[in-house]
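J.: Have a look at the structure that comes next, please.
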Amino acid sequence: MRLRLLDRYVLTELLYPFLFGIAAFSSIFIASTMLFKITKYITQYGASMDAVARLFFYSLPEVINYTFPMSMLLAALMAFGKLSGSSEITAMKAGGVSYYRIVAPVLIVGFLVSMFSLVWAEKVVPAAKAKCAEIVDYEIKNSTRPTGQAEHIVIKSFKGSTQRITYANKFDESKGKMTGITIEEFEKGEIVRIQTAKEGFWENGTWRMVNGNVFSLNDEEGVTSTAHYAEQIIPIDMSPKQIAWEQKEPEEMTIAELREYINLLESRGESAPKQWCEIYMRISIPLASFFFAMIGAALGTQKQRTSSSIGLGISIIVIFIYYAVMSFTTGLGKGGAMPPFLACMLPNILCLIIGVKLLKEKNA
């Protein structure tokens, strides 16, 4: 019973700083990035207040996702700063409660926040980002194209020594249709054939082009032959859904979509470090809440009480270092200079090592 009361007491001290952290750090993100973009959309594109309000609303999930680890760090720092400053941790130890047992509720909360953040990052954030892109492209920038359509798409495909680059003026995923098609075929780096078509349709697992022409070329004579066709199969083995993936940013895709897209890229002999990094970042950032809980509890345990301003200052310093390291390593990962898994997880590995070391020192 005594330990349950202790847990409730520690959790109470943790709750309010955590909620404050979400509000405070979200405000910083909004003021530093979102307000500038919103102002630009209003002044440059004449965006309506309704569109701006919905854009703001759908931008919040990503912002909140980034604030979970920050808020966990601040909450642990402030809670244990208050407990240690008023000698309550000393009293708990004197009562036979180990330091690890005192820290346990914070670590459990950090773990639960990490698990919630994992679900949030997968189920909420990608859909919200896709909605933001839709509002910006189709409402604020006054495009009349509905969702599922795109313009000026490019599809690259390889088969043996032949490379094909397919262009389409318009693409409609829901109808399985492309309009204004041009296909350039390359052999050993030299263009040898150009195919054009008025339209293309996805039927029975293949793309069928209609009303087109084929031009054969070489470097010496230019166009060597021309032929017209009523219809023929486009040499593309990608479904409308797979083509739509290529038009999306990785941040707008779920992990399942990213895995399917990576399989597609790798089947074509292409590497996908950017997509792998996006998957691992969906895991790395949420897990930071748990590691920040370890570091925050240890740093907050001082002989003198840590004030709110000092706790906030320490939080900002730790957060800055963490995201600076993360930006550097993920940049290397996306560029292929470091394995994506290591690049994304390295900041958390460092936090784990530091957190364990600090907790051992405080327990001594």
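The values are calculated or read from the model by the stated rules, or taken from the named source; none is laboratory data. Every value quoted in this text rests on a predicted model; they were computed, and no experiment measured them. Using ideal geometry, Cβ is built from the backbone for each residue, glycine included, and neighbour counts are taken over all protein chains shown. We work out accessible area using only protein heavy atoms, side chains counted, and drop any ligands, DNA or RNA first. Shrake-Rupley method; radii C 1.70, N 1.55, O 1.52, S 1.80 Å.
J.: Any chance you could count how many residues in the range 162-211 are charged (D, E, K, R), farther than 16 Å from Glu231 by Cα and open to solvent by less than 50 Å² (accessible area, probe 1.4 Å)?
T.: Taking the range 162-211 first, the residues charged (D, E, K, R) are 164, 170, 172-173, 175, 177, 184-185, 187-188, 190, 193, 198-199, 203, 208.
So of that shortlist, the ones also farther than 16 Å from Glu231 by Cα come out as 164, 170, 172-173, 175, 184-185, 187-188, 190, 193.
Add one more test, that the residue is open to solvent by less than 50 Å² (accessible area, probe 1.4 Å), and what stays is 164, 172, 184-185.
Total satisfying the criteria: 4.
Per-residue answers, yes or no, for (1) in a helix (DSSP H, G or I); (2) over 25 Å from Ile316 (Cβ atoms); (3) open to solvent by 10 Å² or more (accessible area, probe 1.4 Å); (4) modelled with pLDDT of 85 or more:
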{"residue": "Phe68", "(1), (2), (3), (4)": "yes, no, yes, yes"}
{"residue": "Leu73", "(1), (2), (3), (4)": "yes, no, no, yes"}
{"residue": "Lys82", "(1), (2), (3), (4)": "yes, no, yes, no"}
{"residue": "Val113", "(1), (2), (3), (4)": "yes, no, yes, yes"}
{"residue": "Phe116", "(1), (2), (3), (4)": "yes, no, yes, yes"}
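J.: Please count how many residues of the range 314-357 are under 20 Å from Phe291 (Cβ atoms) and modelled with pLDDT under 90.
T.: 8
J.: Then there is this: Determine if the range 257-269 includes at least one residue that is in contact with a strand residue (DSSP E or B) (Cβ under 8 Å, 6 or more places away or on another chain), modelled with pLDDT under 80 and open to solvent by less than 80 Å² (accessible area, probe 1.4 Å).
T.: So far as the range 257-269 goes, yes, one or more of its residues are in contact with a strand residue (DSSP E or B) (Cβ under 8 Å, 6 or more places away or on another chain), modelled with pLDDT under 80 and open to solvent by less than 80 Å² (accessible area, probe 1.4 Å).
J.: Could you tell me whether Gly200 is at pLDDT below 80, within 19 Å of Lys156 (Cβ to Cβ) and of a type outside the set (D, E, K, R)? Give the steps one after another, and end with the answer.
T.: On the way: at pLDDT below 80: no; within 19 Å of Lys156 (Cβ to Cβ): yes; of a type outside the set (D, E, K, R): yes.
So Gly200 fails the test.
J.: Which condition number in (1) open to solvent by 60 Å² or more (accessible area, probe 1.4 Å); (2) under 30 Å from Lys241 (Cα atoms); (3) modelled with pLDDT of 90 or more is the one that Ile108 fails?
T.: Looking at each condition in turn, Ile108 falls short on (2).
J.: If you check Lys93 against the conditions, is it over 21 Å from Leu359 (Cα atoms), open to solvent by 60 Å² or more (accessible area, probe 1.4 Å) and of a type in the set (Lys, Arg)?
T.: For Lys93, the condition - over 21 Å from Leu359 (Cα atoms), open to solvent by 60 Å² or more (accessible area, probe 1.4 Å) and of a type in the set (Lys, Arg) - is not met.
J.: Please verify whether the range 37-47 includes one or more residues that are open to solvent by less than 90 Å² (accessible area, probe 1.4 Å), of a type outside the set (Val, Ile, Thr) and part of a loop (DSSP other than H, G, I, E, B).
T.: Scanning the range 37-47, I find at least one residue that is open to solvent by less than 90 Å² (accessible area, probe 1.4 Å), of a type outside the set (Val, Ile, Thr) and part of a loop (DSSP other than H, G, I, E, B), so the answer is yes.
J.: Here's something else I'd like to know. Does Lys141 satisfy being more than 26 Å from Glu266 (Cβ to Cβ), among the charged types (D, E, K, R), modelled with pLDDT of 80 or more and open to solvent by 10 Å² or more (accessible area, probe 1.4 Å)? Walk me through it before giving the result.
T.: Working: more than 26 Å from Glu266 (Cβ to Cβ): yes; among the charged types (D, E, K, R): yes; modelled with pLDDT of 80 or more: no; open to solvent by 10 Å² or more (accessible area, probe 1.4 Å): yes.
Taking the combined requirement at face value, the residue does not satisfy it.
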